[in-house]
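Only one structure is covered here, and it is reproduced in the block below.
The values are calculated or read from the model by the stated rules, or taken from the named source; none is laboratory data. Computed from a predicted model, the values in this text were never measured in an experiment. Virtual Cβ from ideal backbone geometry, glycine too; neighbours counted across all protein chains shown. Surface accessibility is based on the protein's heavy atoms, side chains included, excluding ligands, DNA and RNA. Shrake-Rupley method; radii C 1.70, N 1.55, O 1.52, S 1.80 Å.
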Amino acid sequence: SLEVGKVRTESIAEVQEAIRLAPTRASSYSNLGELEARRGNAEAAEKALKKGVELDERSAAAHLALVNFYWARERRAEAEHELSTALALDPNNVAAHRAMATLAMALNRPEEAEAHLKKVIELTKSPEATVALSDFYILRRDEAAARKVLGPLATGEQPSADALIRLAAMDRTSGRPQEAYKRLDSILA
């Protein structure tokens, strides 16, 4: 819409002013690249994102901004190169591991995807990361592995509704509807 275009033009002008004031600040170029990409100006977006990487080659965030650009344009080899660089710079970058897991799945490299998903669990210790790994196993039709990672989330004082729902779905598709209903009832209770 016209209003969105005006906001983008004003935002780009603000970022360009920030670049003028601090021309060596890499994050400003990443911001400009993202705005240009949203505006549909791929050439200017790529140029700005590459400039951000050039200014701060040690910035995982700058490389990840370029990854997003390449991924959106289905330039997977370039996205993978930038992701590998980001992970080499920051081996504990959760966003980079999640992105690499997604890329590995798209490239049909499940073992690599699994390793990155496990690393996200190690780094975040979050139930959401564990559920993401279980979803990976479910997609791979490895019900035993999915149940193994979901089990601890489904027990205890505060069982995870996400874990219980996934376990119930597996119970149902495995011909155990009564167990599935029990799990769903426990969520509703």
Within segment 1-30, residues at pLDDT below 90, of a type in the set (S, T, N, Q) and surrounded by 10 or more Cβ atoms within 10 Å (Cβ to Cβ) come out as 9, 11
Can you report the number of residues in segment 96-123 which are over 17 Å from residue 86 (Cβ atoms) and either in contact with a Pro (Cβ under 6 Å, 6 or more places away or on another chain) or of a type in the set (S, T, N, Q) (or both)?
1
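Taking segment 39-54 only, how many residues are assigned to a helix (DSSP H, G or I) and open to solvent by less than 60 Å² (accessible area, probe 1.4 Å)? Walk me through how you get there before you give the answer.
Within segment 39-54, the subset assigned to a helix (DSSP H, G or I) is 39, 42-54.
Keeping just the survivors that are open to solvent by less than 60 Å² (accessible area, probe 1.4 Å) gives 42, 44-46, 48-49, 52-53.
Residues meeting the conditions: 8.
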Checked pairs for segment 32-45, first over 14 Å from residue 65 (Cβ atoms), second open to solvent by 30 Å² or more (accessible area, probe 1.4 Å) and of a type outside the set (A, V, I, L, M, F, W, C), C-beta under 6 Å and 6 or more apart or across chains, list as 39/8
State which residue is nearest to residue 122 (Cα to Cα) when the search covers only segment 73-108 and only residues that are open to solvent by 70 Å² or more (accessible area, probe 1.4 Å) and not in a helix (DSSP H, G or I).
92
Do we have any residue at all in segment 128-140 that's over 27 Å from residue 92 (Cα atoms), in contact with an Asp or Glu (Cβ under 7 Å, 6 or more places away or on another chain) and at pLDDT 95 or above?
no
